[in-house]
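Derivation of every value follows stated rules applied to the coordinates shown; laboratory data play no part. As the structure is a prediction and not an experimental result, all values here were calculated from the model. Heads up, the Cβs are rebuilt from the backbone with ideal geometry, glycines too, and the neighbour counts pull from every protein chain shown.
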Amino acid sequence: MHESVIMSGFGGQGILLMGQLLCYAGMHEGLRVTWMPSYGPEMRGGTANCTVMLSSERVGSPVTRKPSSLVAMNKASLDKFEAAVQPGGFLVINSSLVERDCQRKDLKVIRVPANKIAEEAGTLQVTNMAALGAYVAGKGAVSLDSVIIALRRMVPAHRKELLAVNEEALRRGAEVAAAQKKK
């Protein structure tokens, strides 16, 4: 198994955290992982993305020009990376911020209203968790349980009160993906 995913959005959307959680979940499952962040000097509002590799074999490089998956949290990210996804690849679109559809017919697409899920959970800070839940359920490279274990290990003691809302957003995002996969 070899999965390469680019997660992309605005700075402040928790893009890098999504990638870290995915890596920790992969490590929990015994996979080899890499995480390569990329962000502009504007920590909030600028662009941010990361590349994650999950593999049962050694990973030769943490960089890819042709990811197997993309999580696009905003339109600029979809515009920038959609063409790079491998044919037959997987795409998660945050439909709360991206109105346009995928322009390619050779990709499996999940549209998740990540911002709406986060608002309903009580805080926009968990928008990233809704998208990550959709990615995990839609792609199946790691289990949602492993992501939750990683989340519980990563959250610092002074933020433990946020675990429940993060887990709720992960599960709700996964439910949206599961419903769309059945169609």
Fill in the blank from the handout: Listed with the fewest Cβ neighbours within 10 Å leading, Glu167, Glu120 appear as Glu120, Glu167
Handout entry: For the chain, calculated [θ]222 nm from helices alone, where every DSSP H run of n ≥ 4 adds -39500 (n - 2.57)
Key = -12500 deg cm²/dmol
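Order of Thr51, Thr123 from fewest to most other C-beta atoms within 10 Å?
Thr123, Thr51
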Completion exercise
Taking His28, His158 and counting other beta carbon atoms within 10 angstrom, the fewest-first order is His158, His28
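Determine the sum of side-chain charges near Ala121: Lys and Arg each +1, Asp and Glu each -1, restricted to other residues whose C-beta is under 9 angstrom from that of Ala121.
That sum, taken over residues with Cβ under 9 Å, equals -2.
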Exercise for the section: Could you work out the mean projected area of the convex hull around the alpha carbons of segment 30-111, in square nanometres to one decimal? Expected result: 6.3 nm²
Completion exercise
In terms of the charge dipole of segment 2-182, which places +1 on Lys and Arg and -1 on Asp and Glu at the beta carbon, the residue among Ser68, Pro156, Ala25 farthest towards the positive end is Ser68
Exercise for the section: Mind sorting out which of [x] 152; [y] 222; [z] 111 is the real volume of the Cα convex hull per residue in Å³ computed from the coordinates? Expected result: [z]
Handout entry: Cross-link reach list, aspartates and glutamates versus Lys75, counting only Cα pairs under 14 Å and skipping chain neighbours closer than eight places
Key = Glu99, Asp101
Exercise for the section: May I ask you to derive the FRET efficiency for Arg100 and Met1 from their Cβ-Cβ distance with R0 = 30 Å, giving the value to the nearest 0.05? Expected result: 0.45
Completion exercise
Restricting to aspartates and glutamates and to Cα separations under 16 Å from Lys181, and discarding same-chain partners fewer than 8 apart, the set is Asp106
